[in-house]
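Laboratory data are not the source of any read-out in this text; all were calculated from the coordinates shown. This structure is a prediction, so every number in the text was calculated from the model and none was measured. Glycine also receives a Cβ, built like all others from the backbone with ideal geometry; neighbour counts cover every protein chain displayed.
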Amino acid sequence: MWSGPRNISTALLRAWENRADTVVVDEPFYAFYLQATGKEHPVAEEVIATGETDWEKVVARLTTEGGGGSPIHYQKQMTHHLLPNVGRDWLGRVTNCFLIRDPAEVIVSYIKKSDDPEVEDLGFIQQAEIFEWARQHSKQIPAVIDARDVLQNPERILRLLCAAIGVKFDPAMLRWPPGLRETDGVWAKHWYGEVAQSTGFAPYRAPSVEVPERLREIEARCRPAYDLLHQHRLR
């Protein structure tokens, strides 16, 4: 599941992990991304120290370990972590799905944590590139879901997603116990406070503030990528 930051990607991770037939992995390229870019993120040193920084080893794990005996191996992936030097061929060995969110909503949420994002930090350009790769190589439209649609009607959208990828829907995806998980990345203590208290998808709420003027050019640069995927979303 390819998503940018400040989306409902961790809630969606909870939904899939709550299935009895699924194992999950949380942002497996994060340590590689931080070491390669030198980005200053919270607990970056700990992420690098505890994670795998060789992208080829990450790919090998994602494509050969399978689901540890479980039929479904759910990967929560951040699009901006897949840097240009990472090979793409392995994408043909997994089922690629895409979680999108309106750029204005992403930016308004992002600046609560980091005040000065660059366009590359938001993942939209990378998401479109991965989507086009998957579409061209699979000869079909990959499954796309929009965060707003999920929050407005979780069961309907999750049923559509499951049908699109040939998986039986499980009502367990709609509710989960609160708390952090052993499968959460070490960054969970900084980023997952809200989702740790959740027991299901929160109702959709539109942002109460607008994108600051200084970031509207970045929003405009992100929007074509979002629109590309949005037209193909399940609804």
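Comparing Ser198, Ser208, Ser114 in a Gaussian network model of the chain, where Cα atoms under 10 Å apart are tied by springs, the biggest mean-square fluctuation is seen for Ser208. Taking the fewest neighbouring Cβ atoms within 10 Å as the starting point, the ordered list for His41, His137, His80 is His137, His41, His80. For the range 2-230, the C-alpha radius of gyration divided by 2.2 N^0.38 Å, with N the number of residues, is 0.97. Rounded to the nearest 500, the 222 nm mean residue ellipticity of the chain from helices alone is -12000 deg cm²/dmol, with -39,500 (n - 2.57) taken per DSSP H run of at least 4 residues. Under Stokes-Einstein, with the Kirkwood radius over Cα pairs as Rh, the value for the range 1-40 at 37 °C and 0.692 mPa s is 279 µm²/s. Which residue, Gln75, Gln152, Gln197, has the most motion in a Gaussian network model of the chain that connects Cα atoms within less than 10 Å? Highest fluctuation of the listed residues: Gln197. Assuming charge only on the beta carbon of Lys and Arg (+1) and of Asp and Glu (-1), the dipole of the range 2-230 about its Cα centre is about 780 debye to the nearest 20.
In terms of other Cβ atoms within 10 Å, Glu52, Glu27 run from fewest to most in the order Glu52, Glu27.
Cα centroid separation, the range 35-49 to the range 107-181: 24 Å. When the Cα atoms of the range 126-198 are aligned to their principal axes, the ranges along those axes come out at 40, 28, 22 Å in descending order. Take the residue pairs Lys39/Lys189; Lys57/Lys113; Lys168/Lys189; Lys139/Lys168; Lys57/Lys168 and return only those whose Cα atoms are more than 25 Å apart. Table pairs above 25 Å Cα-Cα are Lys57/Lys113; Lys168/Lys189; Lys57/Lys168.
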